[in-house]
Amino acid sequence: MTDQLLVLNKDSDTMSVIDADTGETERVVETEFNPHEIAVGPDGETVYVTCSLGDTLLAFDPETWERTAEIEHEGFDFPHGLAVRESAGELWLASTYSSRVYVLDCGTDEIVDHFPTHQDKSHMVALTPDEERAFVANIGSANVTAIDCEERRILGDPTVGEEPEGIAVHPEAGLLVANQEDGMLSVLDPDTLEQTNRALLGETPIRVVPSPDGRYVLVPNRESNDVSLIDTEHVRDVRVHQILEGTNEIMRVIISRRVLMEGATEVIR
């Protein structure tokens with residue numbers, strides 16, 4: 001699968017397949033109820049979609065867009081965040097209201113392990129670059145859960161800000177967590193789990209996405225209808241790029257990443 005942009009449409013229960021060069025919609029694929037997150041498998045031959053209100057994880061063949069699997073579990077309760085652990089051929093999933101983490105074999109699409117975080121509303125999951133640790137943002141606990149991926153062992157639950165949601169691990173800047181209630185970015189050392197910095201974001205920040213060159217991190221702010229651009233060398237917001245009101249969080253991130261790819265970083269500097 002190359003040169004395609006995948007956009008989930010929560011209200012219509014569909015996924016739009018868009019030509020990344022022309023912006024034309026090539027196909028609209030039906031999902032289950034309320035699709036939220038997308039991940040592409042390690043070999044690029046499977047696309048996974050969590051349908052949160054449908055309590056289902058779907059797998060698609062990106063060549064035909066036929067469903068290859070519909071994965072359910074009695075513990076799924078608003079399945080949401082996804083992360084692919086390529087080195088192990090695994091897909092990690094966070095189930096929000098059951099506060100559990102699921103590990104699936106990407107070769108068989110079967111659940112091979114699951115365990116509780118013992119926190120409240122475990123929503124998004126991110127992996128370190130070496131894929132040895134996973135971090136889960138717990139909206140209701142104002143913290144993140146650190147997990148040893150091999151041992152499936154919880155290492156700690158460091159406190160961050162209010163209602164953490166967006167999460168990513170940057171190779172230089174560290175663990176970055178967007179706290180939607182207080183509008184702050186928490187920066188932690190992924191090894192020691194200690195907070196090293198903070199940065200002010202917009203109103204209700206919900207995702208954290210690095211730019212292609214890693215120099216910047218983009219954070220879409222749902223209520224202020226803009227995107228914060230964080231300089232990872234200094235961990236500060238160098239600008240807020242205003243986006244049209246009503247644009248969803250996926251498109252905000254895509255638009256801003258496109259801006260960065262076209263040389264806007266030099267203008268900002």
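The values are calculated or read from the model by the stated rules, or taken from the named source; none is laboratory data. The shown structure was predicted, so the numbers you read here are calculated from the model rather than taken from an experiment. Here Cβ is always computed from backbone atoms with ideal geometry, including for glycine, and neighbour counts include all displayed protein chains. Calculation scope for accessible area: heavy atoms of the full protein, side chains included, ligands and nucleic acids excluded. Shrake-Rupley method; radii C 1.70, N 1.55, O 1.52, S 1.80 Å.
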Seminar exercise, completed: Considering residues that are open to solvent by less than 20 Å² (accessible area, probe 1.4 Å) and either over 18 Å from the mean Cα position of the chain (by Cα) or hydroxyl-bearing (S, T, Y) (or both), the number found within region 116-157 is 5
Problem set entry | Complete set of residues in region 90-105 that are open to solvent by less than 50 Å² (accessible area, probe 1.4 Å) and within 18 Å of the chain's Cα centre (by Cα) | E90, L91, W92, L93, A94, S95, T96, S99, V101, Y102, V103, L104
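Could you tell me whether region 8-16 includes any residue that is aliphatic (A, V, I, L, M), modelled with pLDDT of 95 or more, touching a helix residue (DSSP H, G or I) at 6+ places or on another chain (Cβ under 6 Å) and surrounded by 15 or more Cβ atoms within 10 Å (Cβ to Cβ)?
No: zero hits.
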For this session: Have a look at L82, L57 and point out the one that is within 18 Å of the chain's Cα centre (by Cα), open to solvent by less than 10 Å² (accessible area, probe 1.4 Å) and closer than 23 Å to N138 by Cβ.
Result: L57
For this session: Identify all residues within region 215-232 that are open to solvent by 10 Å² or more (accessible area, probe 1.4 Å) and within 19 Å of E37 (Cβ to Cβ); write none if there are none.
Result: R222
Problem set entry | P212 over 27 Å from V112 (Cα atoms) and surrounded by 19 or more Cβ atoms within 10 Å (Cβ to Cβ) | no
